[in-house]
1. Considering each of Lys95, Lys30 in turn, give the residue that is charged (D, E, K, R) and buried (at least 22 other Cβ atoms within 10 Å of the Cβ).
2. For region 232-239, indicate whether the set of residues that are free of Cβ contacts under 8 Å to residues at least 24 places away in the same chain and either surrounded by 15 or more Cβ atoms within 10 Å (Cβ to Cβ) or more than 19 Å from the chain's Cα centre (by Cα) (or both) is non-empty.
3. Counting only residues that are of a type in the set (Val, Ile, Thr) and outside any strand (DSSP E or B), which one in region 329-363 is surrounded by the most Cβ atoms within 10 Å (Cβ to Cβ)?
4. For Pro302, are the conditions met, namely being out of contact with any Gly (no Cβ under 8 Å at 6 or more places or on another chain) and within 23 Å of Leu254 (Cβ to Cβ)?
5. Please go through region 318-363 and give me each residue that is more than 19 Å from Leu381 (Cα to Cα) and touching a residue at least 24 places away in the same chain (Cβ under 8 Å), ordered by number.
6. Does region 172-192 contain any residue that is at pLDDT below 90 and either in contact with a Ser or Thr (Cβ under 6 Å, 6 or more places away or on another chain) or under 30 Å from Phe347 (Cα atoms) (or both)?
7. Answer with yes or no whether Gly202 is touching a residue at least 60 places away in the same chain (Cβ under 8 Å), within 30 Å of Gly281 (Cβ to Cβ) and touching a strand residue (DSSP E or B) at 6+ places or on another chain (Cβ under 9 Å).
8. Output yes when any residue across region 243-258 is in contact (Cβ under 8 Å) with a residue 40 or more places away in the chain, part of a helix (DSSP H, G or I), surrounded by 13 or more Cβ atoms within 10 Å (Cβ to Cβ) and not assigned by TED's automatic domain parsing to the domain that holds Ile22, and no when none is.
Amino acid sequence: MIIREATGEVKILARQFKAVAIVGPRQSGKTTLARNVFSSKPYVSLENPDTRRFAQEDPRGFLEQYKEGAVFDEAQRVPELFSYLQQILDESSEKGQFILTGSNNFLLQENISQSLAGRIGYLYLLPFSTEEVQKAAQRSLSVEEALFSGGYPPIFDNQIPPGKWLPNYISTYIERDVRQIKNISNLNQFERFLKLCAGRIGQLLNMSSLAIEAGVDSKTIASWLSVLESSFIIHLLKPHHQNFNKRLVKMPKLYFCDTGVACSLLGIKSVSQLTLHPLKGSIFENYVVGEFIKDRYNRNTPFDLYFWRDNSGNEIDIIIDKGTYLYPVEVKAGKTITSDYFKNLQFWEKITGSPAGAVIYAGNDLQKRSNGMQVLPWNRLQEILPKN
């Protein structure tokens, strides 16, 4: 079993808060993490119909069975529990008493904000990072294999080909989770919308254009995007507000939380197809952005990631806002370092006066240049992520 990078942070939260919520997409490893870290606590799956019915009909009696605490899996399925949990937590000084997991951030946060605010620590768990994937696969994957496979643990734990596991995951998500969040009657239309989103990976989110192609209005698109965000299918990266005397783009950029899911939605059925696909560069950019996001979530640090783009098309793929300065990162899908890789960073230096920055590319060499810029291989980000 892979020891998740988030393990240490979960333990810290359990020492600080009376309850801990581990939230993330289905099959990202939340249950495994909770049961491994809190192995002494009873485990209760609220997906079980009989257990769920008991908790719904008699929440007080249900919780009486777990006076010493428990791990409640898919806790958002029984909102009736939260008010009773509030009383139990208020009457006890014990830390880390209850561990809640959930795959629906919207429903779980809604219940927590109403009853457990200030009493519970949050940790978001996404699929495997690059380092975790390499450990799970027990070999070094090529960049194309990493993009195509994504990071969902069952693909590696059960050695299921991504081309078989991912389409079934997407189908289950649409049929089950989407209905749980929103009463969407036309699931075929929603699936088409999901594939249209995959075709816009790494692009500015134009809801009007998306609405026209999906055949629905902009309000519906906004609602559906919130569904995808709350169930950890997509992430909308916001633009940084720093102006530098130029008008800025205000639309977010659309990324998927897992590139394997994006590849499946794009109809990419093999690593060889991905190698020649016109969106390979965008998928690689998505992968790198995803690694930065996972790093923030695993360490439970403030979310300081943005992109920067002006109305003339000058752009920095990732901006890390360090408070006192901005750290620019460019992402390039090529495997050979060229002078073109540094053009955007040089433009950034010109308008900000800051020479530092990094290029992350699909090759294997690490370079530290005399002007402060770094060139980093895609599979060695863990060496610099906490530092930068």
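The values are calculated or read from the model by the stated rules, or taken from the named source; none is laboratory data. Just so we're clear, the structure is a prediction, and the values are computed from it rather than from any experiment. Don't worry about glycine lacking a Cβ; one is built from the backbone with ideal geometry, like all the others, and counts go over all protein chains shown.
1. Going through Lys95, Lys30 in turn, just one is charged (D, E, K, R) and buried (at least 22 other Cβ atoms within 10 Å of the Cβ): Lys30.
2. No, region 232-239 has no match at all.
3. Per the criteria, the residue is Thr352.
4. yes
5. If the condition is that a residue be more than 19 Å from Leu381 (Cα to Cα) and touching a residue at least 24 places away in the same chain (Cβ under 8 Å), then Tyr325, Asn344, Phe347, Trp348, Ile351, Thr352, Ser354 are the ones that fit.
6. yes
7. Here the answer is yes, as Gly202 does meet what is asked.
8. No, every residue in region 243-258 fails to be in contact (Cβ under 8 Å) with a residue 40 or more places away in the chain, part of a helix (DSSP H, G or I), surrounded by 13 or more Cβ atoms within 10 Å (Cβ to Cβ) and not assigned by TED's automatic domain parsing to the domain that holds Ile22.
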